[in-house]
Amino acid sequence: MIEQKRWPLVMALGAILLIPGSAISKGKAGQSQNAAPAKADSTKPGAPHASLAKLAGDYTRVIKFVGQTGAAAAPSSGTAKISVVLGGRFIMEESTDTVFGRPVEGLRLYGYNNATKQYEMVRMYTMSTGMTMMKGTSSDDGKTIDFVGDTETGGASKMALHAQLRQVNDDEFTVVLSTTGADGKESAFQETDYTRKK
């Protein structure tokens, strides 16, 4: 009879003793999860991709040939459409211009490689059958990106190419192309100003 009366007391005491252990084990699990945060998925777009995506839209383009005189110095004009592609991982620019009275089409892909921590760009246009591949860095969160690469000049020779993309504001950006001469000095040869269509 005494044992039957004690049984509810033993059960209640056992329950009380088990609760703190359960709470402690949950606390430890929570601490271990906080101590080792999950790694970011390198296949997903991040802040650099979001910055590039802000360039999406329709633009007018004015192309200036720097350091040239006469008819070659006259600005050319055109349009560009920039789209976000592949789930926000890249932007694609399609341009149509009239350069020295000739129609020229271009295609450019821009992105940020999470694995190498570098911006990347591929440039193609109808004045060539080659593709120029460039890698870039930025010191101001993508507002200015400096791309470098080589472009074929025919035969076995290559020419170092520098492209700087600089965002002026939400509706304007500029791309300046430069080459490095045999003397090691860099000089700009083309500047393209983009203005978003309203």
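Observations, loosely collected:
- Sites listed here are chymotrypsin sites (Phe, Trp or Tyr not before Pro) in the stretch 72-120 whose DSSP assignment is loop and whose Cβ has at most 13 other Cβ atoms within 10 Å: Phe100.
- HN-Hα J in Hz across the stretch 166-183 - Karplus 6.51, -1.76, 1.60, θ = phi - 60°, x for Gly and Pro: 10, 7, 7, 7, 5, 10, 9, 8, 10, 10, 10, 9, 9, 10, 9, x, 4, 7
- The order of Thr43, Thr179, going from fewest to most other C-beta atoms within 10 Å of their C-beta, is Thr43, Thr179.
- Compared with the alpha-carbon gap, the fully stretched path from Ala160 to Met124 is longer by 11.3 nm at 0.36 nm per residue.
- The stretch between Thr96 and Thr43 holds 15.9 nm of extra length on full extension. This uses 0.36 nm per residue minus the Cα-Cα distance.
- Going from the residue with the fewest nearby Cβ atoms within 10 Å to the one with the most, Thr137, Thr192 rank Thr137, Thr192.
- Summing charges over neighbours of Gly106, with a neighbour being any other residue whose Cβ is under 14 Å away from its Cβ, gives +1 when K and R count +1 and D and E count -1.
- Exceedance of the 25 Å cut-off in Cα-Cα distance is limited, within the set Lys44/Lys64; Lys158/Lys185; Lys44/Lys135; Lys44/Lys143; Lys143/Lys198, to Lys44/Lys64.
- The Cα atoms of the stretch 47-196 give a gyration tensor whose axes a ≥ b ≥ c have a/c of 1.5 or more with a/b no greater than b/c, which makes the shape oblate.
Read the figures in this text as sums done on the coordinates, not as results from a lab. What you see is a predicted model, and the numbers here were worked out from it, not measured in a lab. We place every Cβ from the backbone using ideal geometry, glycine too, and count neighbours over all the protein chains shown.
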